[in-house]
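Have a look at the structure below, then the notes.
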Amino acid sequence: MNFNTIALEVLVWYRQNKRMLPWRQTSNPYFIWLSEIIMQQTRVAQGTGYYLRFIEAFPTIQHLAAAELNEVLKLWEGLGYYSRARNMHKAANQVVNAFDGQLPKTFAELTKISGIGTYTAAAIASICFGEKQPVIDGNVYRVLSRLFSIYTPINSHQAKAEFFSIGKNLIHTTDNPGDFNQGMMELGALVCLPKKPKCNHCPLQTCCKAYVDGTTELLPVKIPKKKSKTRFLNYLLYQKNEQINIEQRLEKDIWKGLFQFPLVESVTQISDADELKQLIKSAENWSKVHFTTHQLSHQTLRITFWTTSGESAHGKRILIEDLKHYAFPVPLKRFIYIKLLPLPALRTK
Ligand code: SF4
């Protein structure tokens, strides 16, 4: 099968098998952009709700640009990789101020916008403007590595250029680059699965080198991830008169821009209040109220919440019931809703 036939098979298959997702009913570049950012590292079932809430809250790029960052982060809460939301907000402002409120129509111009990388630029340029730029996401890497039996690790530096070049050759044979890109991604998501690919339902079976060689389970090759690092986070709850202190995370670290309670990071697990008092040089009485573990892609967070009835000048002091207006990382949000903001019905018991 030559490149021309492969592209045609993908297009025909896509037209017959694509899922009717909300962002597939539009070619509005702003909506396509939102969907691409939201769906990175996210399952469709989880991301769809976020997409619909975003287009309702911010129906145009001007609405997104005019929003407060906290509003955007609040809507993003729970989706993880918060830099995506911060970059999206920054990019919306750049488009409004430097591009007259319109996303540019070419791949080259799109990549000039902060936070729009080659992947997202290729998706917008091909789906909305018919430019022949291949989109190489995790699904496409998998399909291509099996189809052409490529053993270059897909998370290596060389892989990007190598796979992009194959994608480019394929997309140049089609007149519908948008559907071709979406077809490749959909094929990876529905048929060419990481484990147990459904080769008997694949339109590319007869030309797939890995299928013919019986090596589908060996591909794609990936360099193993670095070992996860463990961090010990101690959140300090200064609770008095229905008020509490919160602060915004501003340093270059996880959860930048989100809110938290005053934080002390320790090198080992703090097990009792005396140890905490020594660490933070405090005369207050502290009690441990909750402990949880939270896993991020490269970090294991062991989080302890400590409370005191004292006050602190750290951050700002707000009513506990107003915590719901701020964007918090998932483990803190969970703690807030379980321990600090119980349902009114439970509160009266
Ligand atoms: Fe993937 Fe199997 Fe299709 Fe090859 S034949 S592209 S391994 S689903």
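Values quoted throughout were computed directly from the atomic coordinates according to the rules given, and no laboratory measurement underlies them. The shown structure was predicted, so the numbers you read here are calculated from the model rather than taken from an experiment. No Cβ is skipped: glycine too gets one built from the backbone with ideal geometry, and neighbour counts run over all protein chains shown.
Report the net charge of residues surrounding Leu11, where surrounding means a beta-carbon distance below 13 angstrom and charges are Lys +1, Arg +1, Asp -1, Glu -1. Neighbour charge sum, excluding Leu11 itself: -2. Here the spin labels are modelled as points 7 Å beyond Cα on the Cα-Cβ line, and at Lys226 and Ser287 they lie 4.1 nm apart. Rounded, prolate or oblate: which fits segment 200-349, taking a ≥ b ≥ c as square roots of the Cα gyration tensor eigenvalues, rounded meaning a/c under 1.5, else prolate when a/b beats b/c? It comes out prolate by the Cα gyration axes. Among the lysines, select those whose C-alpha is under 19 Å from the C-alpha of Lys209, and discard any that sit fewer than 8 residues away in the same chain. Answer for Lys209, where 19 Å is the Cα cut-off: Lys195, Lys196, Lys198, Lys222, listed by chain and number. A simple packing score, the average count of other Cβ atoms within 10 Å per residue, orders the peptides 315-321, 179-185, 71-77, 299-305 as 179-185, 71-77, 299-305, 315-321, with the highest score first.
The helix-only estimate of mean residue ellipticity at 222 nm for the chain, built from DSSP H runs of length n ≥ 4 each weighted as -39500 (n - 2.57), is -12500 deg cm²/dmol after division by the residue total.
Between their Cα atoms, which of Lys240/Lys324; Lys74/Lys277; Lys225/Lys288 are more than 24 Å away from each other?
Working: Lys240/Lys324 18 Å; Lys74/Lys277 33 Å; Lys225/Lys288 34 Å.
Over 24 Å Cα-Cα: Lys74/Lys277; Lys225/Lys288.
Take the Cα coordinates of the chain, assign each an equal point scatterer, and use the Debye formula without solvent to give log10 I(q)/I(0) at q = 0.11, 0.12 Å⁻¹. For the requested q values the scattering log ratios are -0.86, -0.96. Considering only DSSP beta bridges with both partners in segment 208-318, what is the antiparallel share in %, to the nearest 5? Beta bridges within segment 208-318, antiparallel portion: roughly 65 percent.
Between Arg317 and Leu8, the C-beta separation translates, for a Förster distance of 51 Å, into a calculated FRET efficiency of about 0.20. Put the Cα centre of segment 149-205 next to the Cα centre of segment 91-140 and the gap is 20 Å. Annotation: peptides 276-282, 84-90, ranked by per-residue average of other Cβ atoms within 10 Å with the highest first, follow the order 84-90, 276-282.
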